[in-house]
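Beneath this line is the structure, given in structure tokens, with notes to follow.
Any read-out appearing in this document is the output of simple, stated calculations on the displayed coordinates, not a laboratory observation. No experiment lies behind these values; they were computed from the predicted model shown. Every residue, glycine among them, receives a Cβ derived from its backbone with ideal geometry; neighbour counts consider all protein chains shown.
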Amino acid sequence: FSSSGFWKKIESFSEQPDVNFKYEMLLILDTSLDGDYVTWSTYQNYNQLQMEKLRVPVVKAKESDVNGDGRNDELDLSIQMPLLDAEKVYGVKLILIYDYLLTVRFIP
């Protein structure tokens with residue numbers, strides 16, 4: 001067998017991953033330009049550390065399989081955080097936790 005010096009050095013694969021929202025999150029709302037904030041998380045230890053800044057929002061989340069392939073394509077997320085009348089939101093930091101799984105490789 002002779003390959004005439006040709007060896008495949010690069011190969012490409014593509015796969016749609018299986019991505020699922022774990023319904024775990026951390027939210028920080030900046031309520032001033034001086035570093036004031038309110039926060040909430042699905043992690044109870046974090047909430048206990050943040051008791052002075054803690055607010056409990058109404059959270060609704062729904063995953064959808066738009067193209068019918070059995071894998072989630074969209075996340076519809078609604079968060080309603082209670083604020084005091086004098087509070088304004090100047091910035092939002094949101095961390096969402098997902099499971100991300102690659103299972104099969106195929107050549108396009």
Give the order of Trp7, Trp40 when sorted by the count of other beta carbons within 10 angstrom, beginning with the fewest. Trp7, Trp40
How high is the FRET efficiency from Gln80 to Asp36, r the C-beta distance, R0 22 Å, rounded to 0.05? 0.65
Could you tell me the largest-minus-smallest coordinate of the C-alpha atoms of the chain on each of the three principal axes, in descending order and whole angstroms? 78, 33, 25
